[in-house]
Amino acid sequence: MVHFTAEEKAAITNIWKKVNVEEIGAETLGRLLIVYPWTQRFFDTFGNLSSPCAVMGNPRVKAHGKKVLTSFGEAVKNMDHLKEAFAKLSELHCDKLHVDPENFRLLGNMLVIVLAGHYGKEFTPDVQAAWQKLVAGVAVALGNKYH
Amino acid sequence: MELSSTDRALVQALWKKLGSNVGIYATEALERTFQAFPSTKTYFPHFDLSPGSSQVKAHGQKVANALTLAANHLDDLSGALSALSALHAHKLHVDPANFQLLSHCLLVTLARHYPGDFSPAMQASLDKFLSNVNSALASKYH
């Protein structure tokens with residue numbers, strides 16, 4: 001189980017309270033689909049993903065990005081109980097969605113990069129380190145029920 | 001992954017913009033790597049790793065010089081990085097998985113300092129460039 005110090009929790013929540021989930025979620029998912037184009041395999045039905053412009057402007061990408069990041073908010077609220085918090089979602093991603101857990105690591109790192117772009121001055125190395133711990137914990141939690 | 005002409009143009013344009021600051025950002029990337037991924041510190045037991053360390057700064061400049069070399073030899077990364085690959089494989093014994101950790105922190109650093117230039121297309125090209133650098137660095141491993 002991941003343990004977060006008080007300083008790490010503060011570093012995470014201080015950034016999280018500034019996050020516009022819709023905006024950051026859309027950007028994170030959009031960039032994932034552009035930088036790692038094979039991740040588009042899960043989004044066949046999303047329509048036009050043929051260029052960076054198309055991806056970033058795609059309303060379904062935006063909506064799904066918001067959904068994903070809203071769910072990430074649960075991680076921020078449950079830092080001490082990530083595996084329990086994501087148990088159901090883990091089963092879903094394995095049994096129904098068939099998502100390779102490697103994608104959770106890619107998405108987590110993408111979120112860190114997007115946050116760095118938006119909150120530059122505050123996203124110091126120690127703040128980044130706290131967030132890396134969180135995204136790694138979420139990736140492990142989401143992969144935890146795979147069989 | 002092969003770099004398209006767009007990838008090359010974007011990477012070289014950014015490198016030009018970074019100019020003599022590549023060393024500063026490579027140093028920051030190293031600092032971020034040590035903090036976010038503490039296992040990477042195991043390769044530097046002989047270094048002072050505290051903030052502002054002159055040893056980390058000097059090493060950052062070395063990394064920067066290698067990346068600039070790479071950016072100027074996109075047609076032959078294996079050749080350009082051959083000696084560095086041999087060094088990391090045979091002398092330094094660095095697990096190649098660590099190259100990706102530094103690359104990630106370099107992207108974080110560039111996103112933080114150049115958010116206006118860090119479009120999704122730029123990020124995609126940089127990511128490809130750094131992946132190719134890492135592959136070239138791992139090429140002499142056996």
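Derivation of every value follows stated rules applied to the coordinates shown; laboratory data play no part. Everything quoted here is computed from the prediction, not taken from an experiment. Methodologically, a virtual Cβ is constructed for each residue, glycine included, from the backbone with ideal geometry; neighbour enumeration extends over all protein chains shown.
Size of the stretch A:4-147 from its Cα atoms: along the principal axes, largest to smallest, the extents are 43, 39, 19 Å. Normalised by residue count, the stretch A:2-57 yields a Cα convex hull volume of 113 Å³ per residue.
Here the calculated FRET efficiency for A:GLN40 and B:SER131, from their Cβ-Cβ distance with R0 = 22 Å, stands at 0.75, rounded to the nearest 0.05.
Debye-formula intensities of chain B, expressed as log10 I(q)/I(0) at q = 0.18 Å⁻¹, are -1.07 (one equal scatterer per alpha-carbon, no solvent). Each Lys or Arg adds one and each Asp or Glu takes one away; over the other residues whose Cβ falls under 14 Å from the Cβ of A:THR124, this sums to -3.
Working value for the protein assembly as shown: equivalent-ellipsoid semi-axes of 30, 23, 19 Å, each the square root of 5 times a Cα gyration tensor eigenvalue, largest first.
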